[in-house]
Amino acid sequence: GYEVGAFYIDWEDAQVSFTNAIGLTETGNTEDAITVIGLEAAISGEVVDNLFINGTLALLDSELEGDEPALSATEGEEIPGSPDSTASFSADYLFPTNGTVQYSVGGTVKYTGSYTSSFENSAAGFFDNDAYTHLDLRAGADIGDVSVNVYATNVTNEDDYQTVFPQAPGFAYGVPLRPRTIGINARIDF
């Protein structure tokens, strides 16, 4: 199946978070509108026997419609924390079986486009975050009521940040992507 959606938002007096000159996060209302234009698409299904896919794509353009002196922001700036694009694609293959064991393998690629963490003239400094991509892999076996799965997340060990919080000019803290993680989990149904 597939889905496609488009949207347009003209938001008056929107609440926007920003970092002030001493590094504290404040919330303020915009005097002018924020305009957001977006497109979202998703696809999923069994493309050939036992191969299942899921894909998503989102494109976003958000900007201020006027200068916002209280936020240290100018007309046309994008809204902090809003990536211009995101996408994901996953595929899972279930091996044919004629017994009680079901084996599977799969993977997911996720992409997050560039975005800003603050307005350009923010007293706390301007931070522009690069786009990043990461890969997750998995394999599993279902044996009756027992399920065992092996997984590896962030296989390429990307060291980007999910979110960055400006604190002062040239200084910020952030939430990094989880480093490469390999694990196993098991489940028993009663």
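Given springs between every Cα pair under 10 Å in a Gaussian network model of the chain, which of Gly107, Gly170, Gly99 has the largest fluctuation?
Per the Cα network of the chain with a 10 Å cutoff, Gly99 tops the list.
For the range 32-111, run through the GluC sites (Glu not before Pro) and keep only the ones in DSSP coil with at most 12 other Cβ atoms within 10 Å of their Cβ. Before the final figure, lay out each step's value.
Details: sites: Glu40, Glu46, Glu63, Glu65, Glu75, Glu77, Glu78; in loops: Glu65, Glu75, Glu77, Glu78.
Counting only loop positions with at most 12 other Cβ atoms within 10 Å, the GluC sites (Glu not before Pro) in the range 32-111 are Glu75.
Which one, Ser62, Ser147, Ser117, has the greatest fluctuation when you compute a Gaussian network model over the chain with C-alpha springs under 10 angstrom?
The residue that fluctuates most here is Ser147.
Go through Val146, Pro83, Thr25 and say which Cα lies farthest out towards the positive end of the charge dipole of the chain; charges sit on Cβ, +1 for Lys and Arg, -1 for Asp and Glu.
The listed residue farthest towards the positive side: Val146.
Which of Thr163, Thr35, Thr97 ends up with the largest GNM mean-square fluctuation for the chain, with Cα atoms connected below 10 Å?
Comparing Thr163, Thr35, Thr97 in the GNM, the peak value goes to Thr97.
In angstroms, what radius of gyration and Dmax does the chain have, counting Cα atoms only?
21.6, 68
Report, in debye and to the nearest 20, how large the dipole of the chain comes out about its Cα centre when Lys and Arg carry +1 and Asp and Glu carry -1 on their Cβ. Walk me through the numbers before you get to the answer.
Working: 5 positive and 30 negative charges, 282 e Å.
So the dipole magnitude of the chain works out to roughly 1360 debye.
Would you list Ile43, Ile184, Ile79 from the most to the least accessible area, probe 1.4 Å? It would help to have the intermediate numbers written out before the result.
On the way: Ile43 90, Ile184 115, Ile79 25 Å².
Order by accessible area, largest first: Ile184, Ile43, Ile79.
Out of the total accessible area of the chain (probe 1.4 Å, heavy atoms of protein only), what percent is carbon and sulfur? It would help to have the intermediate numbers written out before the result.
Values: 6320 of 11430 Å².
Its accessible area is 55 percent carbon and sulfur atoms.
The values are calculated or read from the model by the stated rules, or taken from the named source; none is laboratory data. The model shown is predicted, which means the values in this text are computed figures rather than measured ones. Note that each Cβ is placed from the backbone with ideal geometry, even for glycine, and that neighbours are counted across all protein chains shown. For accessibility, only protein heavy atoms count, side chains too; no ligands or nucleic acids. Shrake-Rupley method; radii C 1.70, N 1.55, O 1.52, S 1.80 Å.
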